[in-house]
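Dropping a structure here in structure tokens format, bear with me for questions.
The numbers here are math on the coordinates, done by the rules we state, and not lab data. Model, not experiment: these values are computed from the prediction. Positions of Cβ are generated from backbone atoms using ideal geometry, with glycine treated the same way; all protein chains shown enter the neighbour counts.
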Amino acid sequence: MDKLTIVLMILAAGCVAWYTVSTILIFNGLRKRGQKASFLFLNIMAPIYAYRYKAVTIKETGRAGRLFYSWVVSINLTLLLALLAIISHKY
């Protein structure tokens, strides 16, 4: 493997960690606001919880919470970096 592929894989792994932390913080934010959320199914329900968090924060402040944008950016960067790593490895 070349250095570019390794760097892209490390960055993608960092984005996965960022996504995981954002998801857990969204879960905690929902629980603090009295919303039902199951930690057992957190991985499966993450998109639903994120959009529920967005709706709750819009009702509270008129804007989506920062954690929602953190969640969206982290998952999209993970996908992008993983695809770039796969492409760089093949060529």
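What lysines sit close enough to Lys54 to cross-link, taking a C-alpha to C-alpha distance under 29 Å and skipping anything fewer than 8 places away on the same chain?
Straight-line reach from Lys54, under 29 Å: Lys32, Lys36.
Now for a separate question. Within the stretch 41-87, which trypsin sites (Lys or Arg not before Pro) sit in a loop by DSSP and count at most 12 neighbouring Cβ atoms inside 10 Å?
Details: sites: Arg52, Lys54, Lys59, Arg63, Arg66; in loops: Arg63.
Here the sparse-neighbourhood loop sites are Arg63.
Report, in deg cm²/dmol and to the nearest 500, the calculated mean residue ellipticity at 222 nm for the chain, where each DSSP H run with n ≥ 4 adds -39500 (n - 2.57) and the sum is divided by the residue count. Please report the intermediate quantities before stating the final value.
Numbers: 3 runs with 75 residues, N = 91.
Value at 222 nm, helices only, nearest 500: -29000 deg cm²/dmol.
If R0 is 41 Å, what FRET efficiency do you get for Thr61 and Ala13 from their C-beta distance, rounded to 0.05? Don't skip to the answer; put the middle values down first.
Working: r = 33 Å, r/R0 = 0.80.
Efficiency computed from Cβ-Cβ geometry: 0.80.
Which chymotrypsin sites (Phe, Trp or Tyr not before Pro) in the stretch 1-65 pass both tests, a DSSP loop state and at most 13 other beta-carbon atoms within 10 Å?
Working: sites: Trp18, Tyr19, Phe27, Phe39, Phe41, Tyr49, Tyr51, Tyr53; in loops: Phe39, Phe41.
Counting only loop positions with at most 13 other Cβ atoms within 10 Å, the chymotrypsin sites (Phe, Trp or Tyr not before Pro) in the stretch 1-65 are Phe39, Phe41.
Let me ask something else. Given R₀ = 30 Å, FRET efficiency for Leu25-Leu79 by Cβ-Cβ distance, to 0.05? Write down the numbers at each step before the final one.
Working: r = 20 Å, r/R0 = 0.68.
Efficiency, from the Cβ-Cβ distance: 0.90.
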